[in-house]
Structures are given as C-alpha cells and as structure tokens.
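Nothing in this text is a laboratory measurement; each read-out follows from the coordinates by a stated rule. Keep in mind it's a predicted model, so treat the numbers as computed, not measured. We place every Cβ from the backbone using ideal geometry, glycine too, and count neighbours over all the protein chains shown.
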C-alpha cells in the first residue's frame, strides 16, 4: 500500500519543462541547401587553395582556367550564382502549385520558375563550355 502511494506521488510531481530548442525545418533546409551550393560551387577548393580572381595576361585579363583541374574565384562565384538561381527557380515552380484556385498566378509563378531554371542551366553550361570541357 505504501509503495502505491509513493509511485502515485512520484507521478504527480510536475517538473518544470525545458523550452524546446528544436530549430525550424525551414532553417535546417536553408542551411542544407546553402552548404550544398557552397560545396558544389567549389567553396572548399577556394578556401584550401585561395585561387586568384583574375589571371593576368599581356593582352586582357582571363576570368577562367582552361580545363577541369583548376578554377578561379570568379568561376566559383559565378557557378554558385547560377546554382542559387536554379534553386530559387525550382522553389518558385514549387510555389506555383500552391495557387491551384488562382490559375493566372500559378501560371505566372511556373513561368518565372522555369525561366530561372533554364537560365541557370544555360549559364552553367556556358561556363563549362568556356572552360573547354
């Protein structure tokens, strides 16, 4: 009997709860996308190698190395810019599905998103073709 009273009293004790420090899903998603863009754009290479932004030449400056073994800081930032445009374009296209009852807005968002995706794809392709790949 005494054991039941002790168990009941322990269950009745209310400890103060710690506030939940759980980060929002949007913040986690933003950090993951940012880290992916940084890595895919060559940010780790930029930190480790500290490449030049512009290659000095006698006639005119060159903003990219030929070939796939090296890159300049400008190449890396340009590629990251195109990746950001592509991710934003994908997000805008996704947001177009939220406007099912407003078809005009849905079409506008979809057109803007697809345009950004195509621009990002063509920009990345042009950058790789300028490198001679």
Hydrodynamic radius by Kirkwood, which averages 1/r over all alpha carbon pairs of segment 55-133, in angstrom
14.2
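Taking the inverse of the average 1/r across all pairs of different Cα atoms in the chain, what Kirkwood radius in Å do you get?
Values: mean 1/r = 0.0522 Å⁻¹.
Value: 19.2 Å, from the Cα pair sum.
Peptides 109-118, 63-72, 76-85: what's the order by average Cβ count within 10 Å, highest mean first?
Details: 109-118: 16.4, 63-72: 14.1, 76-85: 18.1.
Averaged packing, sorted descending, gives the order 76-85, 109-118, 63-72.
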With bins of 10 Å, the percent of all Cα-Cα pairs of segment 45-90 per bin from 0 is 26, 44, 25, 5, 0
Mind pulling the angle between the C-alpha long axis of helix 73-95 and the longest principal axis of the chain? Nearest 10 degrees, somewhere in 0 to 90.
50
Per-residue ellipticity at 222 nm attributable to helices in the chain (runs of n ≥ 4 DSSP H, -39500 (n - 2.57) apiece, nearest 500 deg cm²/dmol) works out to -21500 deg cm²/dmol
So between residue 26 and residue 77, what do we pick up on full extension, going 0.36 nm a residue minus the alpha carbon distance?
15.9 nm
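Could you tell me the relative contact order of the chain? Use alpha-carbon pairs under 8 Å, at least six residues apart, and round to a whole percent.
20
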Fully extended contour minus Cα-Cα distance, from residue 48 to residue 121, at 0.36 nm per residue:
23.6 nm
